[in-house]
Structure formats: C-alpha cells, structure tokens
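S.K.: I have a structure I would like to understand better, so I am pasting it below and will then ask my questions one at a time.
The values are calculated or read from the model by the stated rules, or taken from the named source; none is laboratory data. Everything numeric here is computed off the predicted structure, so don't read it as measured data. Cβ placement follows ideal geometry from the backbone for every residue including glycine, while neighbour counts extend to all protein chains displayed. SASA here: full protein model, heavy atoms, side chains in, ligands and nucleic acids out. Shrake-Rupley method; radii C 1.70, N 1.55, O 1.52, S 1.80 Å.
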Amino acid sequence: MCCESKRRFLLLYATQKGQAKAIAEEIWQQAGTHGLEADMHCISEMDKYNLETEKDPVVIVISTTGTGDPPDTARKFVKKIQDKTLPPDHFAHLQYGLLGLGDSEYMFFCNGGRTVDRRLQELGAQHFYDTGLADDCVGLELVVDPWIDGLWLALKEALQLQKEKESMNSAVDAFSSSISTAPHPVHELKLSSEVQNLKLEDDGARASDTLSQKLDDINLVAPARDTEPSLVHSVPPVSQSALNIPALPPEYIEVEFLDTQGENPHLSSLFSEGTTFEVPVTKAVQLTREDAIKTALLLELDIADAAFEYQPGDAFCVLCPNNVTEVEELLHILGLSEKRDDFVCVKVKQGTKKKGASRPQHIPERSTIKFILTWCLEIRAIPKKAFLRALVECTSDAGEKRRLQELCSRQGASDYTHFIRDSNVCLLDLLHAFPSCKPPLSLLIEHLPKLQARSYSVSSSNLYQPGRLHFVFNIVEFPAGPSRPVSRKGVCTGWLAELVAPLLHPSKNSLDTKGESSSTGKISIFPRPNNAFHLPADLSVPFIMVGPGTGISPFIGFLQHRQKLREQHTDWEFGETWLFFGCRHQDRDYLFKQLQCFLENGTLTHLKVCFSRDSSTAEVAPPKYVQDVLRLCAKEVARVLLKERGYFYVCGDKKHMADDVSDAVVDILSMEMEADKLEAMKILAMLREEKRYLQDVWS
C-alpha cells in the first residue's frame, strides 16, 4: 500500500462539505516531516482498506451532518460496524485516534464522530490517542491544531509499542501467552476550545511550517494612530513575533484555455445528491410589511409535471448561483473579464505532490470560467488558513504578505477568528483588502469549497394543494462592517428575491392573493426528506408546535394536511393541536393571519401568539416570546407530553429560540412533576430518544 521505508499509519476521513478531507490532507502533508507515511482514504473506499486485518494505528477524521448524522460518505461504514452480530472483540487488535467535527449550535454536537467512536469501543478497539471534538461554532482550529500537534508523539509511541510487541512475539513465540498485556502508557492530550489554555510550541528549525521574520526586514512600520488591530493591520505582540505558519499546500490543479467552444454542463451533473427537477415559480407573496425589520417571502412552485414527492415536514434543496455582480467583480480583479466566456479544461497538474490528487467532482472538466465561478465554487466561503497560506505566495506587497502570514499563523489565531471567521470575510473581501494579491483561477478551484444547495422547509401539503409546493424564507442581510465594505444579501435568498421581483405584491399578507402574473422563471430543486419531523402516525395523538417567525413554515403544511384529512374522514378521531407563534409586530410580520381559519374550522385547537416589540398598556405586560407563553400553559404542556404521550415540534432559529424553548420545557416538567431539574432533563432526553420532541432548527 505505502512505502515501507517510513512507518505507516492508516488515515481515514468522512466528509460532507470537504472540511474533514481538508484536515486529513493537512495530517497527510505533515506526516512526512515526522518520518511517517499516511495511507489516506475516504472512509467510503472500503475496498482500499480493511480494519478487520489492520495492524497499524488508524486515524479517523469525521464530520457530522443533518441532525447529528454521520456524513453521507460514512453511511455504509457505520451500517457495517453497527451489525449486531459482530462479537465484542471484533476490533480488539485495532488502535485508533479519532477527531470529530461538529457545531455546538446544533443539538447533537459531533454525533457523527461520537457514534463511530462509541461503536469501535464496543467492538474492542483501543484509543492510542484521546478523541478530539472540534467545534465549528467557535473555530475548528482551536481544537484541530493542538490535536494534530499532539498526534505525532502518540503515533510514534503506538508504533514503537507495536514494534516491540512484534519483536517479542518473533523472539519468544513459545512464551507469547505469558507476555504482559498491561496497557502501555500513551500520550494524552486534554483538549480545550479556549485558546488561552493552548501551549503553542515554537518548533524552531522546521522549515515546512515555521517562518521567522523581523519587522525591519519588510519595513512594516505602523502609523502611530493605528493602535487597534484590523483585517489589514496588526499590533504587538503579533506584529513583532516570529511566526509559525502552515506548510504551503501543494498545487495540484491546472487550468488550460481552449480554442474550442461548446455548451456548459447541465446543473444536475454537478450534484450527486440524486435527481434534480427544474420547476417553474408560479407565485410570490411578500408576507411582511415594508417597514418590517426582516422581509419574508412565500414562493409557490409548480411540481405537477415533476416526479417530486414530499410529506409535510420535509425539506428540499435549491440549486442557486453566486451573485452576478460579485462574479463580475471577481473576474475583474483576477484579470479574467475578457475571458469570462472562454472554455477551459480543468485537470490535475502533472507531477503534483498532492496524494491522490483528482479534479474536484463539482468542477466540470470543460466549461467556461464564468460558469465555474457562478455555479461551482462557494465564493462567499470563509477562507481557511491553508488558503491564506497559498494566497501569501500570490501577494507582491511586503506589508500585505506579512499580514496574510500573520492571519494564517498560530500567533495570529485570535486575529483570524475575529477579523475573518467572525466577520464572515470572503475571498472578494480579502482581495479588496490586499490589492497586490492576484491568485490564479487554479488556486480558487483548489481551495474554495463546492457551492452548496440551500435547504428550505416545505410549507404546504400535497394533499391540500396537489402539484404545488410552498416555502417561506427571510431575505438574509449581511450589513457592511470594518472587514466588509459593502452590505450583501444571502446567496440564495437574494437571488430568489431578484428572480421573483416581477411576481411580488407587497403587503398582501395572504396566501390567496389574486392577480399574479405568469411564471417568472424556473429553479432547480431536489428532495431532502426528513426521517422524523412528520405528523404523528396515530392521528388521535395530540401535538404541540412551536414556530416563531419563519419557523412556522412546516406547521402550515401540517395544518393544511390535517384539515384535508378531517374533511375526507369525518368519522376519524383527531388529537388536539397547539400552535405557539411569535413575531416582532402584530401589524408588520404576522406571517400567516389565515391561522385564525384553522382555529375556526377546528383543525387547530389552540393558537397562542405573542409580539416581542409591540408596546402594551395592559396592567400586566403580555408575554414577549414563545417560551414565555409555554410557561403560562405549563399544565397543558405537561399533560400533552406526559399523560397523553403527545409530540412536541420546534422549528426556527436555534441560538435565539430553540435552546430557550428547551429550557422552558425542562422548567415545566420539573415544576409539574415536582422533580429536580436533572430529572426533568432526563425526561426531555427520553422524549428526544422516543422522537416525540423533534427539532428543525438552523443557526
């Protein structure tokens, strides 16, 4: 498999959006400088490795997707190791270290990695190195970097232990049964997400990842007035430090300009998620008033001629392009404006040092430059440190070069977090801030991730409106800031708003708006079924829905479906339904006033609404948020969940709502059961396990 002159370990990655793969590639690159050889594979390539017979240490880097699921590339692997017939010593021979990636904004943090880790332990595998759990909410690098730093000593000790055992086995084979099996002490690394707890070591002479420079060498003198750091300016100690920067990633993509013309590939060929459908947008309604803080739109798609099936509660994905103006701006900065419609051939660079280099699947072999920047690359992505390191080599100004080095260095970790990550800086912002940086197109293809399709909750029922699909969204706004000179709209929401502008009828606040013009255009979509966020199978079971703002979207589909079932089956028994809805102002952003109709016809049993920004003259101020209203209905909520074994659905913003709702439910359970908070938390965990407390949330 690998060269035998260096000590080998197996390196597996399971990625959804490319982060785990990029980290695995960083480990692979660093391995050589430590006298090690990483045999790297995607975890899905099970024909290229065999854990059942693996003798060398195994390193696994795995992300989490959806509601705590392993990435798609790990599904077969997870299914295989979860086989209940496997004996508890199945992997007793295996030594491994695992790095999990996740986002603590979501309920099941790092659950993809935890699932694999737990199962390997159950099957007898042993850690040779502590498991690392990196949090994308605060910055993956805060755990990833020190985890990789500590990996090499742990690997060498594990390999040395393996070598000693092999030598002893061969020398005294007859007495092998008497050899002590006491565990060998291995290097442990206690990981922390707080950067002040990390001990950053200066590795001195390692040319691959150390760069020492003095300020005098590059004549970088800060004006006296610049006492605060910024994206383009540093202050001591960073500005005066010798820097530990990442190794320069090997180039592996070559872009060849073609004389021939042709057609760009169809969008469906860029997505491996399944069948895509091109469907017309037939209706658009602005649900909020012009003076509302956020603008919410409802769009209707005609799916009558598409084999597109969905249930209320499902989601679907929209294939969207990058902003036209931003693409043109990028073409101009890269000096490619005149060649925007030229066809290029993208291929692997001959003689590249990158292991297993291949053309990214989301990049067509032949297409125009404009097509690549418009439909293939996430040009709004926050640049990773490896990308910054590569951009250093494309920057001519000495001061700009130094600052980019600082931002990708260990010493500049705090600046990177503050001025790039937390500020949502993208490539275009960097190129404006560092005008002497002129990267080639090939570098963008190497470092920018795939342009992801955007996911939306279905807000309709196919039973209620056959052949139609509704969805609701806020137009996302990113205000200008110190690191970003211009305001921007969300990639997909901004594009959709522009696309449906001819159909919009502001301030109608109704699903029954008349007089829309004909379809304005088509969009490409594909289904993303939700395995759990559906109506209860038993229609007599009661359920509670909590959905402030656009979080109400899937519940409109629930209620439409319920209403149709009630009309069709008058003799069936239906459980009671509760809806808790909240918004800022009753007269500006009460998205669906037709909720009253559901209440009047009996589809909805209880409707509880609140308005957080409306002033009140009442002697007792009304509740502002949905969690406050829930507490006022504590006895009923506890009855539905505990006595009647009902369901509880939450949809909307996680950081500012879902966690508060969860806390409110814990308080309710604690109070109504007369139990302590810990016991109430256990009950809530049980409800989640039984899939009776369900969330569809976003950060």
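S.K.: Identify all residues within the range 108-139 that are assigned to a helix (DSSP H, G or I), acidic (Asp, Glu) and touching a residue at least 24 places away in the same chain (Cβ under 8 Å); write none if there are none.
M.R.: Listed by number, the list holds a single entry, GLU122.
S.K.: Which residue, of GLU406, GLU338, is in a helix (DSSP H, G or I), of a type in the set (Asp, Glu) and buried (at least 18 other Cβ atoms within 10 Å of the Cβ)?
M.R.: GLU406
S.K.: Just a yes or no: is a residue in the range 5-23 within 24 Å of PRO449 (Cβ to Cβ), open to solvent by 30 Å² or more (accessible area, probe 1.4 Å), aliphatic (A, V, I, L, M) and under 15 Å from the mean Cα position of the chain (by Cα)?
M.R.: Yes: the range 5-23 contains one or more residues that are within 24 Å of PRO449 (Cβ to Cβ), open to solvent by 30 Å² or more (accessible area, probe 1.4 Å), aliphatic (A, V, I, L, M) and under 15 Å from the mean Cα position of the chain (by Cα).
S.K.: Assess whether GLU329 counts as being surrounded by fewer than 18 Cβ atoms within 10 Å (Cβ to Cβ) and assigned to a helix (DSSP H, G or I).
M.R.: Working: surrounded by fewer than 18 Cβ atoms within 10 Å (Cβ to Cβ): yes; assigned to a helix (DSSP H, G or I): yes.
Taking the combined requirement at face value, the residue satisfies it.
S.K.: Right, here's the next one. Condition first: open to solvent by 50 Å² or more (accessible area, probe 1.4 Å), in the same structural domain as HIS93 (by the TED database), of a type outside the set (S, T, N, Q) and modelled with pLDDT of 50 or more. Can you find one or more residues in the range 139-152 that meet it?
M.R.: yes
S.K.: Now, a different point. Could you go through the range 552-559 and let me know if any residue there is in the same structural domain as SER615 (by the TED database) and surrounded by fewer than 24 Cβ atoms within 10 Å (Cβ to Cβ). Show your work before the answer.
M.R.: Step one: filter the range 552-559 for residues in the same structural domain as SER615 (by the TED database), giving 552-559.
Retained after the next criterion (residues that are surrounded by fewer than 24 Cβ atoms within 10 Å (Cβ to Cβ)): none.
Among the residues of the range 552-559, not one is in the same structural domain as SER615 (by the TED database) and surrounded by fewer than 24 Cβ atoms within 10 Å (Cβ to Cβ), which makes the answer no.
S.K.: With respect to THR288, is the statement that it is within 18 Å of SER553 (Cβ to Cβ) and modelled with pLDDT under 95 true?
M.R.: Answer is yes for this residue.
S.K.: Could you list, in sequence order, all residues of the range 550-575 that are assigned to a loop (DSSP other than H, G, I, E, B) and touching a Phe, Trp or Tyr at 6+ places or on another chain (Cβ under 8 Å)? Write out each step before concluding.
M.R.: Taking the range 550-575 as the starting set, the residues that turn out to be assigned to a loop (DSSP other than H, G, I, E, B) are 569-575.
Residue satisfying the conditions is GLY575 alone.
S.K.: May I ask you to list the residues in the range 251-266 that are farther than 17 Å from ILE369 by Cβ and open to solvent by 30 Å² or more (accessible area, probe 1.4 Å)? Break it down into steps so the answer makes sense when it comes.
M.R.: First, pick out the residues of the range 251-266 that are farther than 17 Å from ILE369 by Cβ: 251-252, 266.
Residues satisfying the conditions are GLU251, HIS266.
S.K.: Is there any pair with a first residue in the range 256-271 that is part of a helix (DSSP H, G or I) and a second that is open to solvent by 50 Å² or more (accessible area, probe 1.4 Å) whose Cβ atoms are under 7 Å apart and which are 6 or more apart or on different chains, and what are they?
M.R.: Correct list of pairs: LEU267/TRP375; LEU270/TRP375.
S.K.: Moving on to the next point. Filter the range 616-658 down to residues that are of a type in the set (Ser, Thr, Tyr) and either within 20 Å of PHE555 (Cβ to Cβ) or at pLDDT 95 or above (or both), then give me how many there are.
M.R.: Total meeting the criteria: 3.
S.K.: Assuming GLN361 fulfils every condition listed in (1) part of a loop (DSSP other than H, G, I, E, B); (2) touching a Ser or Thr at 6+ places or on another chain (Cβ under 9 Å); (3) surrounded by 15 or more Cβ atoms within 10 Å (Cβ to Cβ) apart from one, which condition is it?
M.R.: Unmet condition: (3).
S.K.: Still on this structure, I have one more. Hey, can you tell me all the residues within the range 62-107 that are touching a residue at least 40 places away in the same chain (Cβ under 8 Å) and polar (S, T, N, Q)?
M.R.: Once the filter is applied, which keeps residues that are touching a residue at least 40 places away in the same chain (Cβ under 8 Å) and polar (S, T, N, Q), the range 62-107 yields SER63, THR64, THR65, THR67, THR73, GLN95.
S.K.: A further question follows. So which residues in the range 461-485 are under 19 Å from PRO321 (Cβ atoms) and not in a strand (DSSP E or B)?
M.R.: Across the range 461-485, the qualifying residues are ILE475, VAL476.
S.K.: Limited to the range 428-447, what total is found for residues that are open to solvent by 20 Å² or more (accessible area, probe 1.4 Å) and assigned to a helix (DSSP H, G or I)? Step through it out loud before you land on a result.
M.R.: Applying the first criterion (open to solvent by 20 Å² or more (accessible area, probe 1.4 Å)) to the range 428-447 yields 432-433, 435-436, 438, 440, 442, 446-447.
Filter once more, so that each one left must be assigned to a helix (DSSP H, G or I): 432-433, 442, 446-447.
Count: 5.
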